[in-house]
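Visitor: Below you will find the structure I want to go over with you.
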């Protein structure tokens, strides 16, 4: 695929750095509803398009960075849907977390156009996306994976093929998001407790990171959790309402499997409360403000 064209649809917090990373190796078309994001993409070497269908026309691979299942359906099969614009043999790479149950009908409808779905949800955040350091878990038929692999390998430092069926990637990402959501909620509670006990939160965070309680999410979200009390909050790198969606997917999957997931359910409630208090568009680190609305004056 050295001379192939990749279309990136959705140039948000993850889509834009992925498009910029891919532009170093492929011809990349980009589309987003935001004019500002289109300008930033153009500055990064991405060819801007004014519609999703225009961006996808002639592409060998289409990378979708959508927020949820309704957006996925709209971008593929809506009024400006790209499925009909793709040539047989092209692949759609789904980088988003939408849930396993969404995948079978999408696979069936794409097959009518001779297009395969590569189920490849990812994690790692915008900085790692721009550096090609993402974790990507994949469920895809071997032929489709072979077509998509150069794109995925450009973005991932860890590429794990879960199975041959689209939906397998979503299943593993659901498990991943259970842990991530719980870890963020637990980190927020721990740092709120440190403050309530009169401890310096920055020193507490440093001590926790160095010990057995340390984790990637603690180190990644910890500084942003403490920044959540600033006037403008922490920089938005992952919206709080994304975890409302993702932990909802976790809960649905657990119920369908007949499995109790009480810790995930408790974390989901914290994020739901955050959304109810108007923090949905804030960084997910703002969940600490659900536990402790204000930081101690002497903190």
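The values are calculated or read from the model by the stated rules, or taken from the named source; none is laboratory data. Since the model is a prediction, treat every value here as computed from it, not as a measurement. For neighbour counting, all protein chains shown are included, and Cβ atoms are generated from backbone atoms with ideal geometry for every residue, glycine included.
Visitor: Please find, among 266, 260, the residue that is touching a residue at least 40 places away in the same chain (Cβ under 8 Å), touching a helix residue (DSSP H, G or I) at 6+ places or on another chain (Cβ under 9 Å), closer than 21 Å to residue 175 by Cβ and not assigned by TED's automatic domain parsing to the domain that holds residue 127.
Guide: Of the residues listed, the single one that is touching a residue at least 40 places away in the same chain (Cβ under 8 Å), touching a helix residue (DSSP H, G or I) at 6+ places or on another chain (Cβ under 9 Å), closer than 21 Å to residue 175 by Cβ and not assigned by TED's automatic domain parsing to the domain that holds residue 127 is 266.
Visitor: If I ask for residues that are at pLDDT 95 or above, in a loop (DSSP other than H, G, I, E, B) and within 10 Å of the chain's Cα centre (by Cα), which ones from segment 105-126 would you list?
Guide: 121, the sole residue that qualifies.
Visitor: Quick test of your reading of the structure: residue 144 fulfils all but one of (1) at positive phi; (2) in the same structural domain as residue 117 (by TED's automatic domain parsing). Name the failing condition by number.
Guide: With respect to (1) at positive phi; (2) in the same structural domain as residue 117 (by TED's automatic domain parsing), residue 144 is out only on (1).
Visitor: Here are the criteria: (1) in a helix (DSSP H, G or I); (2) free of Cβ contacts under 8 Å to residues at least 60 places away in the same chain; (3) farther than 17 Å from residue 174 by Cα. Tell me which single one residue 234 does not satisfy.
Guide: Against the list (1) in a helix (DSSP H, G or I); (2) free of Cβ contacts under 8 Å to residues at least 60 places away in the same chain; (3) farther than 17 Å from residue 174 by Cα, residue 234 comes up short only on (1).
Visitor: Continuing with the same structure: Does at least one position in segment 261-269 carry a residue that is surrounded by fewer than 17 Cβ atoms within 10 Å (Cβ to Cβ), out of contact with any strand residue (DSSP E or B) (no Cβ under 6 Å at 6 or more places or on another chain) and more than 18 Å from residue 187 (Cα to Cα)?
Guide: no
Visitor: Let me ask another. Out of the residues in segment 179-211 that are over 23 Å from the mean Cα position of the chain (by Cα), assigned to a helix (DSSP H, G or I) and touching a residue at least 60 places away in the same chain (Cβ under 8 Å), which is farthest from residue 223 (Cα to Cα)?
Guide: Selected residue: 196.
Visitor: While we're looking at this one, here's another question. Being assigned to a helix (DSSP H, G or I), closer than 30 Å to residue 106 by Cβ and either without any contact (Cβ under 8 Å) to a residue 24 or more places away in the chain or within 16 Å of the chain's Cα centre (by Cα) (or both): is that true of residue 159 here?
Guide: In short, no.
Visitor: Could you identify the single residue in 222, 274, 248, 280 that is part of a helix (DSSP H, G or I), under 18 Å from the mean Cα position of the chain (by Cα) and in the same structural domain as residue 180 (by TED's automatic domain parsing)?
Guide: So the residue among 222, 274, 248, 280 that is part of a helix (DSSP H, G or I), under 18 Å from the mean Cα position of the chain (by Cα) and in the same structural domain as residue 180 (by TED's automatic domain parsing) is 248.
Visitor: Right, next: Output the number of residues of segment 174-196 satisfying the condition of being surrounded by fewer than 17 Cβ atoms within 10 Å (Cβ to Cβ) and touching a helix residue (DSSP H, G or I) at 6+ places or on another chain (Cβ under 9 Å).
Guide: Total meeting the criteria: 3.
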